[in-house]
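Just below is one structure, and these are the notes that go with it.
The values are calculated or read from the model by the stated rules, or taken from the named source; none is laboratory data. Note that the structure is predicted; figures quoted are calculated from it, not measured. Backbone-built Cβ (ideal geometry, glycine too); neighbour counts: all protein chains shown. When the accessible area is computed, the model is the full protein with side chains, heavy atoms only, and any ligands, DNA or RNA have been set aside. Shrake-Rupley method; radii C 1.70, N 1.55, O 1.52, S 1.80 Å.
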Amino acid sequence: MNTPDRADVIENFLKEVRVIHQRGVDRAALKQIVVLLEALAERRDLFNFEAFPAPVPGQGSTAFRYRLNDDGDTPTLYLNSLLPGKSTLPHNHETWAIISAIEGQEINYVYQRDDEGREPGYTTLHLEKEVIVQPGTSIAFLGDDLHGIRVAGEQPTLHFHLYGLPLESLNGRYGVDADGRILNYNASQMAPSIKAYAH
């Protein structure tokens with residue numbers, strides 16, 4: 001699925017990200033990576049619905065996640081397409097994460113966790129802010145940050161999701177259901193990625 005041009009652009013982008021990643025990622029470093037990812041999102045000649053189709057409404061899946069590189073335990077780039085109305089449980093990422101938009105709007109609900117007075121295995125969340133991720137407006141997280149999403153508007157999204165480590169390797173990610181119960185996010189919520197890189 002990756003053309004030589006697209007593969008080269010992805011690799012050059014990831015080289016720059018790895019330099020920052022190897023120094024250690026804090027909120028200041030996330031801002032540097034956001035600039036790089038937003039520039040990549042402007043390459044609509046390479047990253048578009050023609051190359052990375054959205055799910056078809058009514059045909060089962062409401063979300064596609066295309067994995068764009070496989071370099072072991074290193075920053076990993078995905079391209080997600082979600083249908084309007086798609087939402088997730090609040091969850092962490094266990095590593096740093098950035099979402100930048102090519103097409104469409106995704107509402108991000110950012111939460112703070114409050115375990116005081118709750119029994120083990122449960123938590124209470126407080127909504128801290130809402131951010132609408134759309135072209136030109138990204139969002140970035142450290143590993144313990146919590147968010148949930150909902151796709152707004154009429155059109156599917158096409159958004160880059162960049163993580164410090166591959167999602168598939170993150171067994172400590174957790175989600176929080178409506179009753180406050182903590183569950184393993186990858187095991188209960190995550191569908192397999194579509195491999196979209198050279199093998």
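General observations
- Which listed residue, of 73, 114, 144, is of a type in the set (D, E, K, R), open to solvent by 50 Å² or more (accessible area, probe 1.4 Å) and in contact (Cβ under 8 Å) with a residue 60 or more places away in the chain: 73
- Of the residues making up the stretch 1-14, those that are over 19 Å from the mean Cα position of the chain (by Cα) and open to solvent by 50 Å² or more (accessible area, probe 1.4 Å) are 1, 3, 4, 5, 8, 12.
- In the stretch 89-133, the residues that are of a type in the set (S, T, N, Q), under 13 Å from the mean Cα position of the chain (by Cα) and outside any loop (DSSP other than H, G, I, E, B): 100, 108
- Test: residue in the stretch 167-184 that is under 30 Å from residue 50 (Cβ atoms), open to solvent by less than 10 Å² (accessible area, probe 1.4 Å) and under 15 Å from the mean Cα position of the chain (by Cα): yes
- Residue within the stretch 151-172 that is among the charged types (D, E, K, R) and touching an Asp or Glu at 6+ places or on another chain (Cβ under 6 Å) present: no
- The set of residues in the stretch 42-70 being open to solvent by less than 20 Å² (accessible area, probe 1.4 Å) and either in a strand (DSSP E or B) or free of Cβ contacts under 8 Å to residues at least 24 places away in the same chain (or both) consists of 66 alone.
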